[in-house]
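A.B. asks: Pasting in a structure now, in structure tokens, and then I'll have a few things to ask.
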Amino acid sequence: MTAIPEFRPDDPSYFLQERNEVYRQLREESPVHWYQPGEFWVLSKYADVRHVSSDPATFCSRKGFRINDDIRTGQGLPGIPPSMLGMDPPQHTQYRKLVNQYFTHRQVAKLEPRIREFAREALDTISPGETCDFVDAVSAPLPVLVIADLMGIPTSERERFKVWSDDCIAANEGDTEAQGRVAELFSYVIAQAMERRSSPRDDLISIAANARLDGQFLTEAELGIFGVSLLVAGNETTRNLISGAARALMQHPEQREKLVRDPSLIENAVEEMLRWVSPVRCFARTATRDVEIREQPIAKDDFLVLCYGAANRDEDAYGPTSESFDVTRRPTRPHLAFGFGQHICLGAHLARLEARVMFEELLARFPYFELAGESRRVPSTLINGIESMPVTFRA
Ligand code: HEM
């Protein structure tokens with residue numbers, strides 16, 4: 001069994017540095033890697049991550065979908081139902097149907113004017129020549145405003161919503177204070193949903209509050225989980241796509257120049273940004289029977305971590321240039337930044353739209369911006385994120 005020295009994929013602090021070198025080593029030396037301390041497999045090849053994601057009967061989500069999942073560690077709160085990510089068919093299919101139609105390409109496209117307005121508002125806070133934190137000024141505001149808008153959260157609550165969204169990530173890494181505040185968010189969403197059950201509006205909370213599965217309304221706990229998971233799923237991910245992509249553009253000025261000269265390339269560039277950044281590091285599945293992956297026996301009940309960031313730079317999928325950032329890349333295979341199969345990201349069209357609009361607005365207003373100091377990464381096993389990134393926006 002190949003040893004990957006100091007590999008600690010279950011330790012948030014391990015990800016305070018970039019780990020693409022380790023991902024390459026995994027792909028080359030140990031593509032189906034047994035990580036003894038966590039007692040799980042790590043999959044780093046594109047074909048394997050895609051294959052496992054496509055077969056929920058053999059690789060299920062109900063026994064944990066995060067690397068340090070409460071279900072595995074036995075710390076789950078009793079009575080808290082799983083989010084969609086932790087469900088399997090047929091229950092998953094039913095839940096997904098409830099909201100799918102609100103996230104189609106066509107439906108999401110209607111949000112473009114509003115998203116552009118939010119993007120412009122964020123950029124209005126920056127003066128030419130100024131140095132400020134890119135995350136605070138540019139990446140963070142847009143996704144939280146968009147998701148709060150979709151959920152029908154009053155404008156006055158939006159700052160609180162941003163804090164809650166950070167708490168959700170910290171709670172995932174075991175921060176007990178943050179866990180307490182997530183419980184507040186949970187109650188808040190339930191209260192909003194109950195209000196909308198009696199007087200529905202045109203928003204996602206009203207839809208969930210009034211939806212029926214087998215003739216029954218969702219329970220309060222199910223509504224709470226629905227709201228919390230939407231906020232987490234839609235927020236940190238998109239924020240870190242924007243931050244990570246901006247960093248890539250600063251590190252590859254020749255690529256940025258292409259987008260400045262021809263903004264029509266931005267839509268394609270967003271796919272490369274997703275592949276390159278892979279804002280979600282990994283999700284996981286559990287084998288429901290004995291199987292083999294690359295001739296490696298995997299036992300029933302073994303836990304498998306799907307490493308999207310590693311799979312998205314696999315030479316076998318993207319050729320010899322898989323580790324370079326190329327905004328004109330036209331790959332023959334879709335990237336796995338949104339996962340694949342049954343659970344493929346519900347908000348994929350929305351995230352793409354937010355990123356495209358933000359880079360159109362940003363590059364039109366501030367084509368040249370550069371790093372003005374050290375950026376700090378988010379200590380997370382789940383999110384490949386940037387906590388702060390000082391940037392100077394040239395006049
Ligand atoms: C760049 C931004 C985003 C990234 C990288 C991302 C990534 C992902 C990934 C990797 C999955 C799991 C797929 C799997 O297990 O196969 C997922 C699921 C999900 N995402 Fe996203 N996401 C993003 C934005 C959003 C947004 C904006 C929303 C909602 C507004 C959203 C809502 C969801 C939901 C609800 C699920 C669960 C779907 C299911 O279990 O069927 N995501 N996302």
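A.B. asks: List the number of the failed condition for residue 318; all other conditions in (1) of a type in the set (Phe, Trp, Tyr); (2) within 16 Å of the ligand (Cβ to nearest atom); (3) assigned to a helix (DSSP H, G or I) hold.
C.D. replies: (2)
A.B. asks: Restricting the search to the stretch 306-345, which residues are hydroxyl-bearing (Ser, Thr, Tyr) and at pLDDT below 95? Steps first, please.
C.D. replies: Taking the stretch 306-345 as the starting set, the residues that turn out to be hydroxyl-bearing (Ser, Thr, Tyr) are 308, 318, 321-322, 324, 328, 332.
Matches in the stretch 306-345: 332 only.
A.B. asks: Say whether the condition of being within 16 Å of the ligand (Cβ to nearest atom), without any contact (Cβ under 8 Å) to a residue 60 or more places away in the chain and either within 19 Å of residue 119 (Cβ to Cβ) or not in a strand (DSSP E or B) (or both) is met by at least one residue in the stretch 282-294.
C.D. replies: No: zero hits.
A.B. asks: Give just the number: which of (1) within 22 Å of the chain's Cα centre (by Cα); (2) within 16 Å of residue 112 (Cβ to Cβ) does residue 382 not satisfy?
C.D. replies: If we test residue 382 against (1) within 22 Å of the chain's Cα centre (by Cα); (2) within 16 Å of residue 112 (Cβ to Cβ), just (2) comes out false.
A.B. asks: Also, I was wondering about something else. When both residues are 6+ apart or on different chains and their Cβ atoms are under 7 Å apart, which pairs have a first residue that lies in the stretch 219-238 and is within 12 Å of residue 208 (Cα to Cα), and a second that is of a type in the set (S, T, N, Q) and more than 11 Å from the ligand (Cβ to nearest atom)?
C.D. replies: Note: no pairs meet the criteria.
A.B. asks: Out of the stretch 366-384, which residues are closer than 11 Å to residue 169 by Cα and either at pLDDT 95 or above or hydroxyl-bearing (Ser, Thr, Tyr) (or both)? Before the answer, list the steps.
C.D. replies: To start, the set of residues in the stretch 366-384 that are closer than 11 Å to residue 169 by Cα comprises 378-383.
Within the stretch 366-384, 380, 381 qualify.
A.B. asks: Got a number for residues in the stretch 334-365 being of a type in the set (Gly, Ala, Ser), near the ligand (Cβ under 8 Å from one of its atoms) and in a helix (DSSP H, G or I)?
C.D. replies: Our first condition is that a residue be of a type in the set (Gly, Ala, Ser); within the stretch 334-365, this holds for 337, 339, 341, 347-348, 351, 355, 364.
Next, only the ones that are near the ligand (Cβ under 8 Å from one of its atoms) stay: 337, 339, 341, 347-348, 351, 355.
Add one more test, that the residue is in a helix (DSSP H, G or I), and what stays is 341, 348, 351, 355.
Residues in the stretch 334-365 being of a type in the set (Gly, Ala, Ser), near the ligand (Cβ under 8 Å from one of its atoms) and in a helix (DSSP H, G or I): 4 in total.
A.B. asks: Looking only at the stretch 310-338, how many residues end up being under 30 Å from residue 72 (Cβ atoms), of a type in the set (Gly, Ala, Ser) and surrounded by fewer than 23 Cβ atoms within 10 Å (Cβ to Cβ)?
C.D. replies: 1
Yes/no matrix, rows are residues, columns are (1) aliphatic (A, V, I, L, M); (2) closer than 28 Å to residue 171 by Cβ:
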residue: 66; (1), (2): no, yes
residue: 71; (1), (2): yes, yes
residue: 81; (1), (2): no, yes
residue: 84; (1), (2): yes, yes
residue: 104; (1), (2): no, no
residue: 113; (1), (2): no, no
residue: 117; (1), (2): no, no
residue: 133; (1), (2): no, yes
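A.B. asks: If I filter the stretch 286-309 for residues that are more than 24 Å from residue 70 (Cα to Cα) and within 15 Å of the chain's Cα centre (by Cα), do I get at least one hit?
C.D. replies: Checked against the condition, which is being more than 24 Å from residue 70 (Cα to Cα) and within 15 Å of the chain's Cα centre (by Cα), the stretch 286-309 yields no hits at all.
A.B. asks: So residue 189 passes all but one of these: (1) under 23 Å from the mean Cα position of the chain (by Cα); (2) not in a helix (DSSP H, G or I). Which condition number does it fail?
C.D. replies: Here residue 189 meets the rest and fails (2).
A.B. asks: If only one of 331, 297 is outside any helix (DSSP H, G or I) and free of Cβ contacts under 8 Å to residues at least 40 places away in the same chain, which one is it? Working first, answer last.
C.D. replies: Working: 331 fails: free of Cβ contacts under 8 Å to residues at least 40 places away in the same chain.
One residue alone meets the criteria, 297.
A.B. asks: All but one of (1) over 22 Å from residue 232 (Cα atoms); (2) not in a loop (DSSP other than H, G, I, E, B) hold for residue 97; which doesn't?
C.D. replies: Just one mismatch for residue 97, condition (1).
A.B. asks: Given the criterion in a strand (DSSP E or B), away from the ligand (no atom under 16 Å from the Cβ) and touching a residue at least 24 places away in the same chain (Cβ under 8 Å), identify the matching residue among 323, 387. Lay out the reasoning, then the answer.
C.D. replies: On the way: 323 fails: in a strand (DSSP E or B).
One residue alone meets the criteria, 387.
A.B. asks: Mind listing whichever residues of the stretch 167-181 are free of Cβ contacts under 8 Å to residues at least 60 places away in the same chain and assigned to a helix (DSSP H, G or I)?
C.D. replies: Looking only at the stretch 167-181, we keep the residues that are free of Cβ contacts under 8 Å to residues at least 60 places away in the same chain, and these are 167, 170-171, 175-181.
Result: 167, 170, 171, 176, 177, 178, 179, 180, 181.
A.B. asks: Whether any residue in the stretch 105-114 is surrounded by 15 or more Cβ atoms within 10 Å (Cβ to Cβ), touching a strand residue (DSSP E or B) at 6+ places or on another chain (Cβ under 9 Å) and in a loop (DSSP other than H, G, I, E, B) is what I want to check. Walk me through how you get there before you give the answer.
C.D. replies: Filtering the stretch 105-114 for residues surrounded by 15 or more Cβ atoms within 10 Å (Cβ to Cβ) gives 108, 111.
Next cut, touching a strand residue (DSSP E or B) at 6+ places or on another chain (Cβ under 9 Å) only: none.
Within the stretch 105-114, none of the residues are surrounded by 15 or more Cβ atoms within 10 Å (Cβ to Cβ), touching a strand residue (DSSP E or B) at 6+ places or on another chain (Cβ under 9 Å) and in a loop (DSSP other than H, G, I, E, B).
A.B. asks: Take residue 247 and decide whether it is touching a strand residue (DSSP E or B) at 6+ places or on another chain (Cβ under 9 Å), more than 8 Å from the ligand (Cβ to nearest atom) and touching a residue at least 40 places away in the same chain (Cβ under 8 Å). Quick ask: steps written out before the conclusion?
C.D. replies: Working: touching a strand residue (DSSP E or B) at 6+ places or on another chain (Cβ under 9 Å): yes; more than 8 Å from the ligand (Cβ to nearest atom): yes; touching a residue at least 40 places away in the same chain (Cβ under 8 Å): yes.
The answer is yes for residue 247.
A.B. asks: Would you say residue 267 is under 30 Å from residue 323 (Cα atoms) and either touching a His at 6+ places or on another chain (Cβ under 9 Å) or outside any helix (DSSP H, G or I) (or both)?
C.D. replies: Details: under 30 Å from residue 323 (Cα atoms): yes; either touching a His at 6+ places or on another chain (Cβ under 9 Å) or outside any helix (DSSP H, G or I) (or both): no.
Judged against the criteria, residue 267 is not a match.
A.B. asks: What number of residues within the stretch 15-44 satisfy the criterion of being buried (at least 16 other Cβ atoms within 10 Å of the Cβ) and in a helix (DSSP H, G or I)?
C.D. replies: The total comes to 7.
The values are calculated or read from the model by the stated rules, or taken from the named source; none is laboratory data. Just so you know, these numbers come straight off a predicted model, no measurement behind them. A quick note on method: Cβ atoms are made from the backbone with ideal geometry, for glycine too, and the neighbour counts reach across all protein chains shown.
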